[in-house]
Structure formats: C-alpha cells, structure tokens
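Worksheet for the structure shown next.
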C-alpha cells in the first residue's frame, strides 16, 4: 500500500464529541491525505469511512487509530472506485428514466465484464425546483462521472443548474431530445432514451472508443 494508491478504512467507535477531530489528527500525523469521508450511526456506535491517499505504513496507521479514545475497531477495504467505479447519474421523469437506465445498465454490463467498474444511479423527479436541486447535488456525489437528464420538458432553473454543474465540476451532461432549454446547454442530445443510456456509459468507459468531445453539441 505505497505511493499514491487509495486505501479505504472504516473506524468504528463509541460516539462522542471530538472523535472525528482526534481520528483525523492521527491520519494527518501519518502524512496521509483524506480524499473522501462519510459517517454512519447505529445506536451509540459510529462508523467513519475514509478513503486515504499516500498511506506508507498501513499497519502503523491502524495501530495508532486503535489508540484513539473510544475507537473499537479499524477495518481496511478496497476503495469505492475499485468496487463500484464511475457513476452514471440519471434524473428526470419515471418512464424516460427507466429507459435510459435500461440502456446504461446493459452497456455497463458489457464493459464491466472486461474489468471496468461502472454503476448506474437514478431518481425520478417532477418539478423544476426539485430537478434543479438534484442536478446541482450531482457535483457533491462521490465518483459521479456523467449526468443524463431524461424528461419531456426541462428548462429555466434546470438549465442554470446544468451550466453550473459543467462549469464548477466538469461533469458532462447528456439530455434527451425534449422541449425547453436544457438541450441547448447539454453536451449531447439523444432522442432515443435507451441509446442515451448506452452513450453515457460509452462516454466514461475506458474500454470504449467513444469520445464525447468529438460529438459535443450534436443531436442524435
């Protein structure tokens, strides 16, 4: 576990004030960078999951974490990138979302059989405010690699959210060929929802030759 490899670590502890501070201090003392963190609570036990970069002494780090007050157990895992890989996010109307997911899952299966790791996440939503909020939140999702907007009509605040997502996080956006201004700000517009899902996976798969940059702004 040397170099810049990412290591996943779960710290189980009795919950208390200052626990996260004490655990992160130990990690910093080992000159390790925290690239991702999430926390879960069950009864009085908290699980803090870290993805760490630059771990040179894994056993020493585990031993020092176990010395932190109230820490019960430390487990080592493969990082989410190795297990679930890049994420395709699909947002929009239920029927269209289902068809996009059908194409994305079918294509992801083909690439994952070759050793790729691509997962598909979705939420059917109705309403400009809710969809715009969901689009903006994609930038905060761990491993989100591409967004597909599936619906019959999207514009206004949703278009603004798409532009912010692309500018702030560099996440590409595929839109179905729909009414509204979203197709005008998307990177690619696809009429067939199944094909949109397929192309979304191809755009982020390292085992595919599809280059989104070469077709950016086009409609299919």
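Going through region 106-135 one residue at a time, which ones are surrounded by 18 or more Cβ atoms within 10 Å (Cβ to Cβ) and in a helix (DSSP H, G or I)? Matches in region 106-135: 107, 108, 111, 131, 132, 134, 135.
The residues in region 185-206 that are under 9 Å from residue 174 (Cα atoms), outside any helix (DSSP H, G or I) and under 21 Å from the mean Cα position of the chain (by Cα) can be counted, and the count is 3. Here residue 42 passes the criteria (1) touching a strand residue (DSSP E or B) at 6+ places or on another chain (Cβ under 8 Å); (2) within 25 Å of residue 143 (Cβ to Cβ) except the one numbered (1). The condition of being modelled with pLDDT of 95 or more, outside the structural domain of residue 12 (by TED's automatic domain parsing), buried (at least 18 other Cβ atoms within 10 Å of the Cβ) and in a strand (DSSP E or B) holds for only one of 88, 100, that being 88. For residue 142, the conditions (1) over 24 Å from residue 118 (Cα atoms); (2) modelled with pLDDT under 95 are fulfilled apart from (1). The set of residues in region 60-70 being in contact (Cβ under 8 Å) with a residue 12 or more places away in the chain, touching a strand residue (DSSP E or B) at 6+ places or on another chain (Cβ under 7 Å) and surrounded by fewer than 19 Cβ atoms within 10 Å (Cβ to Cβ) consists of 62, 70. Examine region 161-171 for a residue that is in the same structural domain as residue 90 (by TED's automatic domain parsing), outside any helix (DSSP H, G or I) and farther than 24 Å from residue 83 by Cα, and state whether such a residue exists. Looking for residues that are in the same structural domain as residue 90 (by TED's automatic domain parsing), outside any helix (DSSP H, G or I) and farther than 24 Å from residue 83 by Cα, one finds none in region 161-171, hence no.
Quick check on region 45-54. Is at least one of its residues in contact with a strand residue (DSSP E or B) (Cβ under 9 Å, 6 or more places away or on another chain), loosely packed, with under 13 Cβ neighbours inside 10 Å and modelled with pLDDT under 95? Looking through region 45-54, none of the residues is in contact with a strand residue (DSSP E or B) (Cβ under 9 Å, 6 or more places away or on another chain), loosely packed, with under 13 Cβ neighbours inside 10 Å and modelled with pLDDT under 95. Here residue 39 fulfils each of the conditions (1) in contact (Cβ under 8 Å) with a residue 40 or more places away in the chain; (2) assigned to a strand (DSSP E or B) apart from (1).
Residue by residue, here is whether (1) within 30 Å of residue 133 (Cβ to Cβ); (2) surrounded by 15 or more Cβ atoms within 10 Å (Cβ to Cβ) holds:
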| site | (1), (2) |
| --- | --- |
| 5 | no, no |
| 34 | yes, no |
| 72 | no, no |
| 81 | yes, yes |
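With the condition kept exactly as written, say whether any residue in region 151-167 is closer than 17 Å to residue 195 by Cα, within 12 Å of the chain's Cα centre (by Cα) and surrounded by 15 or more Cβ atoms within 10 Å (Cβ to Cβ). No, region 151-167 has no match at all.
The values are calculated or read from the model by the stated rules, or taken from the named source; none is laboratory data. Model, not experiment: these values are computed from the prediction. Note that we place each Cβ from the backbone using ideal geometry, even for glycine, and neighbour counts take in every protein chain shown.
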